[in-house]
Structure formats: C-alpha cells, structure tokens
Amino acid sequence: MMARIVTVDLGERSYEVHIGHGLIESLDAVIPAAASRVAVVTQEAIPVDVVGALGDRSVARFMIGPDEQAKSLSTVEELCRGFVEFGITRRDLVLAVGGGMVTDVAGFAAACFHRGVDVVHVPTTLLGMVDAAIGGKTGVNLAEGKNLVGAFWQPRAVVCDLDVLESLPERERRCGLGEMAKYHFMTGQDLLALPMVDRIAECVQIKAEIVAADEREGGRRAVLNYGHTLAHALEIETDHRLAHGEAVAIGLLFAAELAAELGRIGPERVDEHHRVVIDEYGLSGDLPTGVDPITLVELMARDKKALSGLTFVLDGNDGLEVVPGVERGVVTSVLERFGRR
Ligand SMILES: NC(=O)c1ccc[n+]([C@@H]2O[C@H](COP(=O)([O-])OP(=O)(O)OC[C@H]3O[C@@H](n4cnc5c(N)ncnc54)[C@H](O)[C@@H]3O)[C@@H](O)[C@H]2O)c1
Ligand SMILES: [Zn+2]
C-alpha cells in the first residue's frame, strides 16, 4: 500500500516517519536487528496489537494508567523497574503504542533507562501522529505543572498507521484537528484539500523541518506553540474540561484578534482564522462560559514561555513570530471583547 515517508533530518540521529495504512504489519522492518527484547508501553483502552508483528523477538507489554495523572515520575519508575525485570539492555527497544501521553512517558523512560535505550513510536491518536510523536520532546508532569521534567530523546522511527484511528473517539479526533489547524497557519497550505495520508504527512513535514532547524527550541521551534498561550490557561482554568486541541482552536482565534489589535495583521487575516478553524475544521472558537478574563491573563503570565510580560506567538507580515512583552492591559481588553463576541 502507498505510504509516505518523511525524514526528520538530525544528522546521525535522523529518522523516518512512515505514514500510511496497514503499516503495523511490517513494523519489524523499522526495529533495529540487534534488539532481541521489545518492551511495549501502551494503555488498556488502546485496541492496537503490535505483538504479532514483532517476529521472534521476546516481547513484554507494560500498561500505563488511562489519564494525564499517570504522566508522572512514579509511572516512569514503575516502567524502569519492569524493564529491569524483563532484562532490557542498551541493545533492546522500547516501543510506545499510544497517544501523546504514552509516547511522552515511554520516550522519557527510554531516555533515562540505562542512560538511554532506543525507542520507536507508534502513535495511535491524530494528535500523536501530527505532533507529539515527532520531534523528540519527552517528559512527565509534576504536581506543580505540566511537562516540567523531561528530555530530548529522538525516536529511531515513527510509524503512523492510519488504520488505528478507526477506534479513536470523536473528541480525540477533534483535538488532532486543533493542532492541524495550527499547521495551516504556519504554511498557509490547504491541508483539508489533501487525502488523509498526505494531510498527516504534510503536518509531519512541517514539524520535521522546524525540529531539524531548532531541535532544542532555542528559537524557531517556539512557533509550534501558536495558539497555545491562551490554550494552556484555558486548560487549567477549566480543570481540563476543555481538551488540549479544543483549547488550541480557541487560542488560535484569540491570537489572531490580538495580532490585529497590535496592528500586525488586517481584518481579512482574522476572518481567515475564523473560516479555517470554525468552518473548515469544524471546531468551536467560543470561550467556555464562566471563565474570567482576569484569571486567564494571570495564568498566561505564569506560562513557562513568559520571559518578560506576556509572550505570544503572533501572525504578522513575516509569518508567525514569538512576540514577548505584550502589555497585560491590551491582552485583557482583547480577551474581554473576545469573550463577548
Ligand atoms: N512531545 C510533544 O511534542 C507533545 C506535543 C503535543 C502534545 N503532547 C502531549 O500529548 C498528550 C496528549 O496526547 P493525545 O492527545 O494523543 O492524548 P492521549 O495520549 O491522552 O490519548 C487520549 C485518549 O485516547 C485513548 N486512545 C489513544 N489511542 C486510541 C485509539 N486508537 N483508539 C481508542 N482510544 C485511543 C487513550 O487511551 C486516551 O484515553 C499530552 O500529555 C500532551 O502534553 C506532547
Ligand atoms: Zn499542542
């Protein structure tokens, strides 16, 4: 079957992302020959069987908890102790089969165990395929905040088998679309016009290019956070009733309004944001009821990307840019107006 291959070009740590249907069958081909043991890290709810595709290697499955709470150091400790018991050595492999939760945790465990063993990602959510499984950011949460402990640990390969998306709940699919809409504004490409395999491959290509240019987020990689400043605040303020991709959709529209207020873009570009996010991707751009703009601004000021004042990724003549030091008063008034639309 037709598959697309996108290379993440990072010198000797380069790897391929395979995108297509029925790819799990030939998973064995991307696994290093020397790996005689494979530790499959996944979740109960994920109906994806990879064991049959792993030939005569010795395989053990490790289940992690169902929600974001399991994205913790104690899960990493549990996994690593399991790896010891199973006998994983530096020649062996961790195989992450799941959404961003699983690939973040399994990737971090792989980065730490024996100071680093290979990991291959099999993302099973749309968000995982277009975003989380690509680029080598791994990590876990602390009680104090999300993704505070982690490592850059690039996978050996990523296999996006679209067949696994059939069981994905509708809401999770929408979350993936939120991130996809973000990519739309990074290149202006009409992703929805493409067949699904190409659409995912284009998103992967956009992310791969940015990661190759700025692996450790010294600069350019930060534009991947478009729409995310408000999104993170909304996730916290709604106690995660709003899912990440849903919050990103709102964050994209708000970022457009803010950019217009600052004279960076005109009204037609704001309209384009509405057209793409709401009409084309079918997402909602409304602030959830009961959220308080002042509290949101407080939360945004605490965002870890806030170096001085409020920091946003904003659209402009030269495309997306990181804009630090946006005045609190401006943000508050645009947000108040945004909430009354
Ligand atoms: N490392 C990165 O660059 C990066 C980027 C974006 C997001 N993330 C992280 O990714 C996580 C979110 O990932 P996500 O949106 O993929 O959600 P997720 O991994 O939490 O998965 C969502 C739910 O869907 C279930 N599920 C997954 N695949 C399924 C399938 N094929 N069929 C049925 N159910 C399935 C899961 O069990 C889970 O309950 C967050 O922790 C976020 O911080 C990381
Ligand atoms: Zn995101």
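Numerical summary
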item	result
Rounded to 10°, Cα long-axis angle of helix 170-187 versus longest principal axis of the chain	70 degrees
For segment 1-41 versus segment 230-304, the gap between their alpha-carbon centres in whole angstrom	35 Å
Helix 293-302 vs. the chain, principal-axis angle (Cα, 0 to 90°, nearest 10)	50 degrees
Burial ranking of peptide ranges 220-229, 78-87 (average Cβ count within 10 Å, highest at the top)	220-229, 78-87
Sites T295 and T7, calculated FRET efficiency, Cβ-Cβ separation with R0 35 Å, nearest 0.05	0.20
Label-point separation, D318 to M196 (7 Å along Cα→Cβ), nm	3.9 nm
Among V331, F254, L283 the positive-end extreme of the charge dipole of segment 226-340 (Cβ point charges)	V331
Interchain or long-range residues, amide H under 5 Å from V323's placed H	F312, V313, L314
Burial ranking of peptide ranges 23-32, 5-14 (average Cβ count within 10 Å, highest at the top)	23-32, 5-14
Peptides 180-192, 91-103, 60-72, 130-142 ordered by average Cβ neighbours within 10 Å, highest first	91-103, 130-142, 180-192, 60-72
Fraction of the pair-distance distribution of segment 98-195 above 15 Å, Cα-Cα pairs, percent	64 percent
Rg ratio (alpha-carbon, reference 2.2 N^0.38 Å) - segment 226-340	0.97
Rounded tilt (10° steps) of 228-237 against the dominant C-alpha axis of the chain	90 degrees
Calculated log₁₀ intensity ratio I(q)/I(0) where the Debye formula runs over C-alpha points of the chain, q = 0.13 Å⁻¹	-0.97
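Readers should treat all values here as calculations from the given coordinates under stated rules, not as data from a laboratory. Owing to the predicted nature of the structure, the values given are computational and were not obtained by experimental measurement. For neighbour counting, all protein chains shown are included, and Cβ atoms are generated from backbone atoms with ideal geometry for every residue, glycine included.
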